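Below is one structure, written out as structure tokens; comments come after it.
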Amino acid sequence: MQMLSRKAACDSHGQDSSYFLGWQEYEKNPYNEVLNPNGIIQMGLAENQLSFDLAESWLANNPDALGLKRDGKSVFKELALFQDYHGMPTFKNELVEFMAKLRGYKVEFDPKKLVLVAGSTSANESLMFCLAEPGEAFLLPTPYYPGFDRDLKWRTEVEIVPIHCSSSNGFKITGCALEDAYEQAKKLNLNVKGVLVTNPSNPLGTTMDRDELNLLIDFAITKKIHIVSDEIYSGTVFDSTSFVSIIEAVTDRNIDDTHELWNRIHMVYSLSKDLGLPGFRVGMIYSNDETVVAAATKMSSFGLVSSQTQFLLTNMLSDNKFTSKYIEENRKRLKSRKEMLVSGLSGAGIECLNSNACLFCWVDMRHLLSSDTFEAEKELSKRILFEVGLNISPGSSCHCSEPGWFRICFANMSQETLKIAITRIKDFVESITFSRENCNHQLTVLDSRRRLVSKWVLPLSPYDNNEPADR
């Protein structure tokens with residue numbers, strides 16, 4: 001008799017993905033500039049550590065927020081006692097203001113349509129529980145964040161059908177790709193409930209243009225399905241004018257407020273990437289559908305944002321001068337660090353997809369593969385992990401349909417560590433180039449010897465053929 005549940009016994013969590021395997025090796029041998037300079041450098045973690053000094057400076061100047069005080073008086077008891085799952089109204093008000101500011105106030109958000117949850121992982125999973133039954137499907141453009149195989153599927157048992165995108169157009173979504181994915185789902189007898197996108201994209205580091213967004217909106221209207229837009233990287237866009245939220249895109253279409261599409265538009269956001277606070281576990285769902293908001297709010301009981309976290313961040317986000325400075329400075333630092341990585345890789349003969357957002361680059365290493373196969377990508381990934389000492393995410397873990405692409409993070413380390421990582425990559429590429437050139441040289445020499453031997457053998461052949469048989 002089975003003593004554990006099917007969920008506990010199965011291995012559908014996705015922990016065996018090459019994305020997580022690299023993390024496991026890093027944890028065994030983490031790089032440290034003093035204690036372990038030959039260790040593995042973590043470049044698979046999309047974490048923003050570039051602007052901690054700004055947040056720490058604010059905390060130093062606002063000790064009451066961290067000390068759980070209001071006007072010098074303790075609010076510890078107030079925060080320590082029971083809080084219902086709707087979240088603090090003051091915090092939700094500051095959140096929608098911050099979200100609007102990130103989008104240049106082109107979009108207004110209603111705090112009544114906001115659900116607080118413990119991070120975007122919980123937000124995405126809760127939406128799947130609200131929008132789909134087990135065995136129904138969502139379409140996702142590839143490449144996509146490897147964690148979605150866990151977040152969207154593991155407990156909900158919702159299926160993911162890939163929308164295959166190509167490097168030929170910078171991995172943009174096309175009408176043909178959408179239709180192909182929809183038809184593939186039908187062949188698998190899967191009922192498609194919606195499309196989920198990350199905008200800006202993880203792992204591409206790009207923002208969706210209006211053509212893509214309008215294509216997505218038209219597709220959702222035609223098929224009568226949902227759109228979930230995961231916008232957790234919206235504050236990392238280097239050029240703020242280039243980001244268009246799904247809410248803004250639908251608004252600009254002048255679609256009537258009563259149109260049923262509005263109830264099928266849902267957004268996910270968190271403070272993990274933009275403010276660099278993944279440990280605070282602050283995520284949210286924004287939806288126009290009152291039933292979704294009500295259901296997701298009830299589900300949030302299983303993963304609430306703590307009262308002290310809400311109190312601290314209410315104070316931080318209400319400081320308009322701080323948030324304005326943080327947004328501007330953070331974008332500058334991310335752009336500078338991204339350019340450092342792109343320049344360093346270019347010096348090693350490695351190019352990146354042109355990007356304008358996020359904490360990573362989508363890197364083209366196809367020329368380093370021994371063959372145009374995912375097996376060769378796996379081989380290269382292992383060499384980079386064990387020989388070079390870098391944990392980067394192979395494209396296959398992101399379900400990329402083309403072998404040889406990798407996601408490399410740049411914001412979770414110091415500038416000095418990034419320089420070391422770039423040097424390691426350059427040395428590795430040089431070793432591969434030298435090995436290939438040496439191999440080609442040996443083949444050339446061998447071919448020359450064969451031609452030289454043939455020059456001697458061929459003239460002798462007629463003479464040898466006329467010799468007596470017993471010679």
| remark: Calculated from DSSP helices alone, with each H run of at least 4 adding -39500 (n - 2.57) and the total divided by the residues of the chain, [θ]222 nm to the nearest 500 comes to -14000 deg cm²/dmol
| task | With everything on Cα atoms, drop me the angle between helix 415-465 and the longest principal axis of the chain, reported from 0 to 90° to the nearest 10. | result | 20 degrees
| Cα lying deepest toward the dipole's positive end in segment 89-190, options TYR144, LEU116, CYS176, charges on Cβ | LEU116
| task | Report the one residue of MET340, SER300, SER355 whose Cα lies farthest in the direction of the positive end of the charge dipole of segment 286-377 (charges on C-beta: Lys and Arg +1, Asp and Glu -1; origin at the Cα centre). | result | MET340
| said: With a 1.4 Å probe and all protein chains left in place, how much of the accessible area of the chain comes from carbon and sulfur atoms, in whole percent? | reply: 52 percent
| field | Shape of segment 243-290, Cα gyration tensor, a/c cut at 1.5 | value | oblate
| note | In debye to the nearest 20, the charge dipole size for the chain, taken about the Cα centre with +1 at each Lys and Arg Cβ and -1 at each Asp and Glu Cβ, equals 580 debye
| query | Roughly what % of DSSP beta bridges within segment 208-288 run antiparallel, to the nearest 5? | reply | 55 percent
| note | Simple spin-label estimate for LYS298/GLU47, 7 Å along Cα→Cβ, in nm, reads 3.7 nm
| Can you give the extra length, in nm with one decimal, that the chain gains between LYS106 and ASN254 once fully stretched, where that is 0.36 nm per residue apart less the Cα-Cα distance? | 51.9 nm
| message | If packing is taken as the average count of other Cβ atoms within 10 Å, what order do 292-301, 39-48 fall into, highest mean first? | response | 39-48, 292-301
| field | Distance from segment 169-190 to segment 47-65 (C-alpha centre basis), Å | value | 44 Å
| Accessible area (Å², per residue) of the chain, counting only protein heavy atoms and a probe of 1.4 Å | 49 Å²
| remark: So for R0 = 35 Å, FRET eff. of CYS10-CYS176 from the Cβ-Cβ r, to 0.05, ends up at 0.50
| With each label point set 7 Å from Cα along the Cα-Cβ vector, what nm distance links ASP209 and PHE129? | 4.0 nm
| message | For the chain, give me the percentage of DSSP beta bridges that are antiparallel, rounded to the nearest 5 percent. | response | 50 percent
| said: Shape verdict for segment 235-316, please, from the Cα gyration tensor: rounded (a/c under 1.5), prolate (a/b greater than b/c) or oblate. | reply: oblate
| field | Exceeding the 24 Å Cα-Cα cut-off - candidates LYS273/LYS332; LYS273/LYS378; LYS335/LYS419; LYS172/LYS335; LYS187/LYS224; LYS112/LYS335 | value | LYS273/LYS378; LYS112/LYS335
| said: Could you compute the net charge surrounding LYS193? Neighbours are other residues with a C-beta less than 9 Å from the C-beta of LYS193; K and R count +1, D and E count -1. | reply: -2
| request: Beta carbons within 10 angstrom, averaged per residue: use that to sort the peptides 49-59, 279-289, highest first. | output: 279-289, 49-59
| request: Tell me which label goes with the value of semi-axes √(5λ) of the Cα gyration tensor in Å computed from the coordinates here: (i) 49, 28, 21; (ii) 39, 27, 21; (iii) 35, 28, 22. | output: (i)
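The values are calculated or read from the model by the stated rules, or taken from the named source; none is laboratory data. As the structure is a computational prediction, the values presented were derived from the model and not from experiment. Because the Cβ atoms are built from the backbone with ideal geometry, glycine has one as well, and the counts that use them run over all protein chains shown. Quick note on the areas: whole protein, heavy atoms, side chains included, nothing else; ligands and nucleic acids left out. Shrake-Rupley method; radii C 1.70, N 1.55, O 1.52, S 1.80 Å.
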